[in-house]
Structure formats: C-alpha cells, structure tokens
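Each value in this text was obtained by applying a stated rule to the coordinates, not by laboratory testing. The structure presented is a predicted model; accordingly, all values stated were derived computationally and were not measured. Please note: Cβ atoms are built from the backbone with ideal geometry, for glycine as well, and neighbour counts cover all protein chains shown.
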Amino acid sequence: MRHTITLIPGDGIGLEVSQSVQEIITAAGVDIHWEEASARGQIDRRATDVMQSPAVQSILKNRVALKGPLATAVATGPPSLNVQLRKALDLFANVRPVKNLAGVTSRYQDVNVVLIRENTEDLYAGLEHEVVPGVVESLKIITERASTRIARFAFEYARTWGRRRIHAIHKANIMKMSDGLFLTSIRKVAEQYPDIEYKELIIDNACMQMVLNPHQFDMLLLTNLYGDIMSDLAAGLVGGLGVVPSGNIGDQVAIFEAVHGTAPDITGKGIANPTALLMSAIMMLRHIRERDAAQMIESALHEVYVRGAHLTRDVGGNAGTREFTQAVIASLKEQPSNVRAGTR
Ligand code: NAI
C-alpha cells in the first residue's frame with residue numbers, strides 16, 4: 001500500500017538525519033510518497049497564519065508527518081514553530097517511550113517507561129505579559145477538558161500496549177487549583193480503568209525517584225512543562241536524547257519527531273546520529289499499520305547497535321551519518337526471511 005506522508009526535514013542536522021531515515025525506510029520496502037514541506041518560511045511565523053501554511057495544509061491532508069528539529073530563539077523572537085504546530089493541529093498527546101538501546105552505555109539497563117505529556121496548555125500556552133516594568137506574569141492554563149482528554153488517552157494507551165501502572169505527576173500541594181484540577185480530572189478517568197494501577201507523585205519526589213530507581217515506573221502522565229522536563233531526564237537515564245523517539249498525537253493527525261534539537265555545533269559535519277528520528281519513524285510506521293516493516297527496521301537497528309562497529313560519535317563510535325545509514329540498510333538485508341516476510 002502506498003502512503004503519502006508529510007516530511008518536514010527541519011533545520012540544522014534535520015536535513016542529514018531525515019535523508020538517512022528516508023533511505024532506510026525505502027530499503028525496508030515501505031512505499032511512501034514523501035510530501036516535503038520545508039517548515040522554515042512555509043509555516044508563517046505569525047501564529048494566526050499557521051493554519052493556512054502549506055506545511056499544515058499538507059499534514060491535515062495526509063494525517064501523518066515525520067518532522068526534524070526546528071530552531072527556536074531563546075528569550076527573544078517569535079513563538080516556537082514546534083509549539084505552534086502542536087497547537088494548530090491540536091496534537092494533544094506527546095508520547096515518549098524511553099527504553100534502553102542495546103550497546104548504548106547508560107546509567108541503567110532495562111528501563112522501560114512511557115511518558116504521556118499533555119501537549120496543548122499549561123505554562124506552554126505562552127501567555128505572558130509585563131505587569132509593570134520589571135515584573136512579568138506567565139499564565140498556567142489547566143482545563144478539565146484537556147486534563148480528562150489526556151488521561152483517557154493515557155489509560156487507553158496502557159490497555160492497548162499492555163501497560164499496567166500509571167503515575168500522575170503533579171505539584172498540587174502548592175498549585176492546588178491548577179495541578180489540583182489536573183489530578184481530580186485524572187482520578188475520575190482512572191476509576192473507569194480498574195485494570196490499570198493508578199498512583200500519584202509530587203514532581204520533585206518523582207524526579208528523585210526516577211534517578212534512583214527508574215524501574216519502578218511503567219507510565220507517567222504529566223502536564224506540559226513537567227512532561228517536557230521529565231522526559232529529557234528519563235532520556236538521560238538510557239543514553240540521552242539521541243536514542244529516544246516521540247510522537248505528537250491528535251484525534252485527526254499525528255507528527256512523529258526526534259526529541260533532540262538542530263545541533264548547530266555539528267551541522268554539516270556528517271556525524272549526526274539519525275537513531276532518534278529513525279525510532280520516531282518506527283513509531284510512525286506502527287501508527288500507519290506498517291507493523292512488519294517497523295519490526296524489521298527495529299531489528300536491523302538493534303543489530304547495528306549490538307555489533308557496535310558503525311556507531312556515531314555521540315554514542316561512542318567513529319562512524320559518520322552515511323556509514324551508520326549504510327550499516328542499518330545492510331543489516332536490513334540480513335534479517336531472517338520470517339522477519340522480512342512479516343511473520344514474526
Ligand atoms: P540540541 O539537541 O540541538 O543539542 C544538544 C547536544 O546534543 C549538542 O551537543 C548536539 O551536537 C547533540 N546532539 C543532538 N542531536 C544529536 C544527534 N542526532 N546526533 C548527534 N548529536 C546530537 O539542543 P540545543 O543545542 O539546546 O538546541 C538547538 C536548537 O534546537 C535550538 O534552536 C532549540 O530551540 C532547537 N530544538 C528543537 C527541538 C524540536 O524541534 N523538537 C527540540 C529541542 C531543541
């Protein structure tokens with residue numbers, strides 16, 4: 001079956017890693033027509049025009065996109081294009097599976113936790129203003145609707161993927177109204193899923209627990225900002241942002257993207273690691289029901305890491321992006337026929 005998928009290569013190393021991922025998916029035999037939409041310049045930087053941009057129109061038509069990182073200025077400039085895209089397309093759930101990748105040195109082994117982050121509100125609403133010179137105010141928006149929606153998504157995800165336990169992470173002891181509403185909304189949903197164990201943890205304790213003993217966690221459910229921070233913390237436990245994928249899921253469309261940035265320090269040097277975008281593409285293939293191809297690429301990637309001869313520098317090797325890509329493609333060709341035929 002032929003799929004048409006929007007590709008936003010992104011800035012910086014985005015071009016390098018997205019080309020690598022396209023080559024690997026083609027080598028796996030998946031028939032994808034990539035509708036390329038260069039976000040820079042095509043997504044108008046003014047939020048009011050984002051819906052009319054060719055990139056957003058393409059994603060609305062195709063329903064699925066693969067996206068490289070987009071640069072955002074710090075402490076100045078327009079709002080993040082990443083955040084604009086998530087808002088414009090109502091991609092309310094950010095899903096980040098965090099798992100060890102064989103062959104990657106990390107603080108822990110056998111970590112396997114999925115973070116579900118509410119993606120549309122909280123302090124990320126970006127509603128800030130200057131009250132008087134020298135005093136600014138940022139609004140933390142939490143609604144019952146969005147909290148209930150993300151809770152339902154998380155519990156359904158747990159059922160679909162055989163997960164057993166969800167920890168809701170909050171600071172409702174201090175932000176009694178906002179985080180309090182988040183928690184009470186989740187509790188109501190949790191009652192409808194007696195098969196999934198439900199627990200709560202305060203964010204500061206949760207960070208410490210995650211660093212001390214990540215194995216106790218199966219799924220975490222968080223508001224936008226806590227989710228942003230804790231998912232990077234979790235990634236750090238398994239080797240960093242270069243080896244974890246992510247999906248931004250809405251009712252209508254989904255965007256899969258690597259969680260790292262544009263890596264300006266290594267752009268153009270041919271040493272970027274495509275693994276995170278490739279793992280996001282594997283999530284994407286499962287989303288579009290190309291499960292056999294997803295399994296095959298995952299196995300090929302696993303082999304390359306286990307052998308360790310063609311790894312990029314960020315994970316301790318000497319290979320460049322091209323050499324790594326070729327190694328994954330060669331490994332794809334070596335996959336047993338039962339995997340290649342999709343019977344595993
Ligand atoms: P970054 O993730 O780009 O880089 C942090 C460090 O990790 C750098 O040393 C970089 O070389 C390394 N690194 C990242 N990805 C790598 C890869 N695939 N292979 C090898 N090494 C890799 O984070 P930074 O420097 O904070 O952000 C740079 C820009 O990216 C900013 O403009 C930021 O706003 C943007 N950004 C975009 C994201 C997105 O589009 N989802 C997410 C995070 C940052």
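Based on the Cβ-Cβ distance from Met177 to Arg322, what FRET efficiency comes out when R0 is 51 Å, to the nearest 0.05?
Once the sixth-power term is evaluated, E becomes 0.45.
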Gyration tensor (alpha-carbon) shape descriptor, the stretch 130-237, a/c threshold 1.5: oblate
Gain in span if fully extended, Arg286 to Asn213, counting 0.36 nm per residue against the direct Cα distance: 23.3 nm
Estimated inter-spin distance, Thr267 and Gln252, nm [label 7 Å along Cα→Cβ]: 3.1
Using alpha-carbon coordinates, inclination of helix 275-287 to the longest axis of the chain, degrees: 80
The chain: relative contact order in percent, alpha carbon pairs under 8 Å with at least 6 residues between: 22
Nonlocal amide H pairs with Met219, under 5 Å, H built at 1.01 Å: Val114, Arg165, His167
Protection-proxy order for peptides 80-92, 119-131, each taking the mean of Cβ atoms within 10 Å per residue, highest first: 80-92, 119-131
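Report the calculated FRET efficiency for Thr160 and Val136 (r = Cβ-Cβ distance, R0 = 51 Å), to the nearest 0.05. Please list the in-between numbers first.
Values: r = 42 Å, r/R0 = 0.82.
Here the calculated transfer efficiency is 0.75.
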For the stretch 116-125, Karplus couplings with θ = phi - 60° (6.51, -1.76, 1.60), whole Hz, Gly/Pro x: 10, 10, 5, 10, 10, 9, 6, 5, 5, 4
Computed [θ] at 222 nm, helices only, for the chain once each DSSP H run of length n ≥ 4 contributes -39500 (n - 2.57): -12000 deg cm²/dmol
Under 18 Å from the Cα of Lys87 - lysines, other chains or at least 8 residues apart: Lys61, Lys67, Lys140
Approximate spin-label separation Met51-Ala330, in nm, with each point projected 7 Å along Cα-to-Cβ: 5.1
Given charges at Cβ of Lys, Arg, Asp, Glu: the chain dipole, positive-most of Pro69, Ser58, Val136: Ser58
Interchain or long-range residues, amide H under 5 Å from Glu200's placed H: Ala168
Angle in degrees between helix 321-334 and the longest Cα principal axis of the chain, rounded to the nearest 10: 70
FRET efficiency for Arg187 and Ala309, using Cβ-Cβ distance with R0 set to 35 Å, rounded to 0.05: 0.10
Cα-centred dipole magnitude for the stretch 130-237, charges only on beta-carbon of K, R (+1) and D, E (-1), debye, nearest 20: 380
Simple Cβ-charge dipole of the chain, Lys/Arg +1 and Asp/Glu -1, about Cα centre, in debye nearest 20: 640
Local electrostatic count at Leu225 - Lys and Arg +1, Asp and Glu -1, tallied over other residues with Cβ under 13 Å: -3
